[in-house]
Amino acid sequence: MLLDGTPFAWRRVTSLTSASRKGAARRTCPEAAGGPMASSAGLALCSQTLVVRGGSRFLAFSTAGSDDDCVFTYDCSTAEKKATPEDKGEDGQPADTGSDSILASTFSKSGRYFALTDDSKRLILFRTKPWQCLSVRMVVRRCTALTFTASEDRVLVADKSGDVYSFLVLEPDGCGRLELGHLSMLLDVAVSPDDQFVLTADRDEKIRVSWAAAPHSIESFCLGHTEFVSRILVVPSHPELLLSSSGDGTLRLWEYRSGRQLQCCDLAGLQEPGEQPGHKGLAASRIAFWGQESYVVLLCECVPVVFVFQLDASRQQLEFRQRLTFPHRVWDVMFEEARGLWVLQDCRDAPLVLWRPVGGEWQAVPDSAVSRRLCSHLRESWAMLEGSVGTGDSFRSLYKATFDNMTSYLKKKEERLQQQLKKKRQRSPFPGSPEQTKKACPGQSALSC
């Protein structure tokens, strides 16, 4: 940032190539090895196909009223496991191979494909019509996010080492190709609707816009966040705009090709009186966009609240509309274009709730046949979601750690000075003592003096 606090943009710079990055000093942290991203329940939705994941399993079903019994279930613990060189410890023995928990999942643009990554370093690809597992491939590091290209020919996977690998959809046995890399952990990855740019968000406050055809060529940086960037989303109806959320508790709107920030919304200022102040806990785990009325919703993991904004495209501004509060923890939210906002929550009686705007105010839709059917399936598979009950903030370990060394230094310095003064007093004689008299009358006895 500049001295006046305004963000600036870098354009047309060249990143480190994969060859030069091998010798570069990469920033690492204890969390990168063990993983700060806790596995939580989540949603994925495309058209009328809804996926609910939890632990190592996911359920896929249709939100259409006619497909009552069409449910597809998959368990990653049954998938093929292949050992990689990174899975062996220093003694050559097998190291921890992971828990099979699903870390991230997504649909392709048309909904024809579905992909997920799990804690066992696998990328699993599915065809959805009908549902069928197409491939199980190993990745180099545990992944934090993934996305399909708009042409649906590749899957881009971002990992904790800061790298993005691409996997060809139509080559089920093909290995991943390194596309680009950061010097810190990646938390999200997105692709522009025309497949020209790959956008990546990292722990070091940066959003990077790279050319997809030549990822070493960087178009711009979107700079301004003061903590890790947790989520990014290219606005589908306005492909020149980007939304981002961060551990600094802000939602920002960008014109990403130029790196220009258009707006910054402070979420802490939207908190109700009595709620915990400050920006910590306001990093978004989900940014979702509804094209019907240009609504943007933001879900933060540590508060049972969903923030609702509306995008005014003509002014390129976000307008805050409403706070949706819930009695239970919200795991995830997703928009279905034809219905509204699906909310997955930690409530066995009603794990899935639909919300819609009524007269400009968002309200929970009374029980419908579709929501009752979906909730019935989830109650029968509640064991899948139980591992997410009570999980903490997965972003907690990503915040900057501050150390007040000066206070401890001054305290120790004062203690040393007091000890030195005490020793000096112990060595010095008291006034009127024989030793003091000898010093006052040198060369004479104390009696004659």
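The table below gives the values:
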| quantity | calculated |
| --- | --- |
| Filter pass, LEU242 being in a strand (DSSP E or B) and farther than 18 Å from PHE309 by Cβ | no |
| Residues located in the range 204-231, provided they are more than 19 Å from ARG154 (Cβ to Cβ), among the hydrophobic types (A, V, I, L, M, F, W, C) and in contact (Cβ under 8 Å) with a residue 60 or more places away in the chain | ILE218, PHE221, CYS222, LEU223, PHE228 |
| Qualifying positions in the range 150-160 - in a strand (DSSP E or B) and open to solvent by 10 Å² or more (accessible area, probe 1.4 Å) | ARG154 |
| Flag if VAL343 is more than 21 Å from PHE107 (Cβ to Cβ) and either touching a Pro at 6+ places or on another chain (Cβ under 6 Å) or crowded, with 18+ Cβ neighbours inside 10 Å (or both) | no |
| Checklist (1) part of a loop (DSSP other than H, G, I, E, B); (2) at pLDDT 90 or above applied to SER77, failing item | (1) |
| Test: residue in the range 255-271 that is among the basic types (Lys, Arg) and in contact with a strand residue (DSSP E or B) (Cβ under 8 Å, 6 or more places away or on another chain) | yes |
| Residue that is surrounded by the most Cβ atoms within 10 Å (Cβ to Cβ), among those in the range 208-222 that are not small (Gly, Ala, Ser) and not in a strand (DSSP E or B) | PRO215 |
| Selection status of ARG348, in contact (Cβ under 8 Å) with a residue 24 or more places away in the chain, open to solvent by 40 Å² or more (accessible area, probe 1.4 Å) and assigned to a loop (DSSP other than H, G, I, E, B) | yes |
| Pairs with Cβ under 7 Å, 6+ apart, first in the range 260-273 and in a helix (DSSP H, G or I), second surrounded by fewer than 16 Cβ atoms within 10 Å (Cβ to Cβ) and of a type in the set (Phe, Trp, Tyr) | LEU270/PHE320 |
| Any hit, the range 300-318, residues being assigned to a strand (DSSP E or B), surrounded by 15 or more Cβ atoms within 10 Å (Cβ to Cβ) and in contact with a His (Cβ under 7 Å, 6 or more places away or on another chain) | no |
| Single residue of THR147, THR117 found to be out of contact with any Lys or Arg (no Cβ under 7 Å at 6 or more places or on another chain) and open to solvent by 10 Å² or more (accessible area, probe 1.4 Å) | THR147 |
| Which numbered condition TRP331 misses (of (1) farther than 22 Å from GLY269 by Cα; (2) without any contact (Cβ under 8 Å) to a residue 60 or more places away in the chain) | (2) |
| The listed residue being more than 24 Å from LEU242 (Cα to Cα) and either touching a residue at least 12 places away in the same chain (Cβ under 8 Å) or open to solvent by less than 10 Å² (accessible area, probe 1.4 Å) (or both), out of LEU183, LEU168, LEU199 | LEU168 |
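The values are calculated or read from the model by the stated rules, or taken from the named source; none is laboratory data. It should be emphasised that the depicted structure is a prediction, and the values quoted were computed from it without experimental measurement. We place every Cβ from the backbone using ideal geometry, glycine too, and count neighbours over all the protein chains shown. The protein model used for the area step is the full one, side chains on, heavy atoms only, and it has no ligands, DNA or RNA in it. Shrake-Rupley method; radii C 1.70, N 1.55, O 1.52, S 1.80 Å.
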